[in-house]
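These notes are about the structure you will find just below.
Read-outs: derived from the displayed coordinates by stated rules, not from any lab. In this text the structure is predicted, and so the values were computed from the model without any measurement. Here the Cβ is made from the backbone with ideal geometry for all residues, glycine too, and neighbour counts use every protein chain on show.
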Amino acid sequence: MNSKLKELIKNEKVRFTAVFIMLGLISFLFSQKTEAPAEQTPQKQVEVDELIPEGYFLLPLELTNREALVSMIGDTSIVDLFTIHPQTLNPQKKIASRVKLIKSPKNPDQFALLLEESNTMDILKHSGPYFATIQNRKNRKSAFPKNRQDSNVQVNYQEEL
């Protein structure tokens, strides 16, 4: 009889433990709030041309070092812009300093410069592709190097008679 009692108590412990685990699992599942997905109202997608300030242009351009820039910058950056030597593809001449470079929201491999209307032609008169170097964002001063016109000095030698 003693062994039957021990077996009965042992079975009750197993049943009690199983019931306790099941109740805990059920209470856990009911405590989790299942919220219905919120109704999402379609929002009007903002187009890039709506974000361009008055008096500015967004000038798309091809950069030879775009793969490196994609991995280093966020949506915007301040850069210096250089022309590329056709044979070596190395930076050749700085044509813009501290201009804002913007990554395309629809294709992150494409870039554009945000330029004032007066500075757009300074870029367009140089053929691409271009090379960009990233600058410190805190310094807000931008500049376009002025073309130095090399004066041709002519020396005329005249013999005196």
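With each label modelled as a point 7 angstrom along the Cα→C-beta vector, the E7-S97 pair spans 9.7 nm. Here R98, R15 are placed in order of increasing Cβ neighbour count within 10 Å, fewest first, which gives R15, R98.
By the beta-carbon count within 10 Å of each Cβ, the least crowded to most crowded order of K93, K138, K103, fewest first, is K138, K93, K103. Distance from a point 7 Å along Cα→Cβ of I134 to each backbone N in the range 60-104: keep the residues under 14 Å and list them by number. Counting only backbone N, you get 65-80, 101-103. Residue separation of N90 and M121 scaled by 0.36 nm, minus their Cα-Cα distance, works out to 8.9 nm of gained length.
About the Cα centre of the range 51-134, what is the dipole size in debye to 20, counting +1 per Lys and Arg Cβ and -1 per Asp and Glu Cβ, all else neutral? Dipole about the Cα centre, nearest 20: 180 debye. For Q135, the amide hydrogen comes within under 5 Å of the amide hydrogens of I78, V79, D80, counting only partners 5 or more places away or on other chains and with H modelled in the peptide plane.
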